[in-house]
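The values are calculated or read from the model by the stated rules, or taken from the named source; none is laboratory data. A quick note: this is a predicted structure, and the numbers were derived from the prediction, not measured. With ideal geometry, Cβ positions are generated from the backbone for all residues, glycine too; neighbour counts draw on all protein chains shown. Note: accessible area is taken over every heavy atom of the protein model, side chains too, but ligands, DNA and RNA are not part of it. Shrake-Rupley method; radii C 1.70, N 1.55, O 1.52, S 1.80 Å.
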Amino acid sequence: MLLKKIEDALNEQINAEMWSAYLYLSMSLHFEHEGRTGIANWFRVQFQEEQAHALALMDYLNARDGRVVLQPIAGVPDSWESVKDAFLATLEHERKVTSLIHNLYAMAEDEKDFATRQKLNTFIAEQVEEEDSVRQIIDDLTLVGEDGTGLYQIDRQLAARTYVAPQL
Ligand code: MG
């Protein structure tokens, strides 16, 4: 039997994942408008990944006979000073998401909800990958600085990213 407090916490996490999706969609649209189509592509794939995170939690709640309750998605910023600013904001946000998932995991552990704890393992691993890939991009952006050719090369590199459904 799924505890109400775990059900509520999972619903909150679903909302957080949907907000992440909305944030990255906003970044994608911003950079599309700026003509940075590779960066826009990277954030569009990120948007798809976040929707997959939310859907995986919804599927899990349903599998546990819980009730998914969709809450309104709060507004997101719609412009960033630079590509690097957007990636720094992404890293900061993903660190926040990581701590939310860790809190959820701790709650599942306290309540001896082993199934939820097990489910969250894949999310914990996913967060390590998320933070690592964003950090690598930030390192590259720091390296090229304001160099136009360098930024162009990063844009082309990120243009190659394609969506692969995460195994959750
Ligand atoms: Mg996520």
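Listing for the model above:
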| quantity | calculated |
| --- | --- |
| Per-residue [θ]222 nm for the chain (sum of -39500 (n - 2.57) over DSSP H runs n ≥ 4, rounded to 500) | -27000 deg cm²/dmol |
| Whole-number accessible area per residue in Å² for the chain, which is evaluated in the context of all protein chains at 1.4 Å | 56 |
| Fraction of the pair-distance distribution of the chain above 26 Å, Cα-Cα pairs, percent | 32 |
| Per-residue ³J(HN,Hα) for the stretch 84-98, Karplus 6.51 cos²θ - 1.76 cosθ + 1.60, θ = phi - 60°, Hz, x for Gly and Pro | 4, 4, 5, 6, 5, 5, 5, 5, 4, 5, 5, 5, 5, 4, 4 |
| Packing rank of 85-94, 72-81, 47-56, 155-164, where each peptide gets the mean count of other beta carbons within 10 Å, highest leading | 47-56, 85-94, 155-164, 72-81 |
| Two-decimal Rg/Rh across the stretch 62-138, once Rg and the Kirkwood Rh are taken from alpha-carbon atoms | 1.07 |
| Relative contact order (percent, whole number), the chain, Cα cutoff 8 Å, 6+ residue spacing | 32 |
| Label-point separation in nm, Ser79 to Lys4, each point 7 Å along Cα→Cβ | 4.6 |
| J(HN,Hα) series, the stretch 19-30, from Karplus relation 6.51 cos²θ - 1.76 cosθ + 1.60, nearest Hz, glycine and proline x | 5, 4, 4, 5, 4, 6, 5, 5, 5, 4, 5, 4 |
| Protection proxy ranking, peptides 5-16, 104-115, average beta carbon neighbours within 10 Å, highest first | 5-16, 104-115 |
| Surface share of carbon and sulfur [accessible, 1.4 angstrom probe, percent] for the chain | 52 |
| Reachable lysines, given that their alpha-carbon falls under 16 Å from the alpha-carbon of Lys5 and they are not under 8 places away in the same chain | Lys112 |
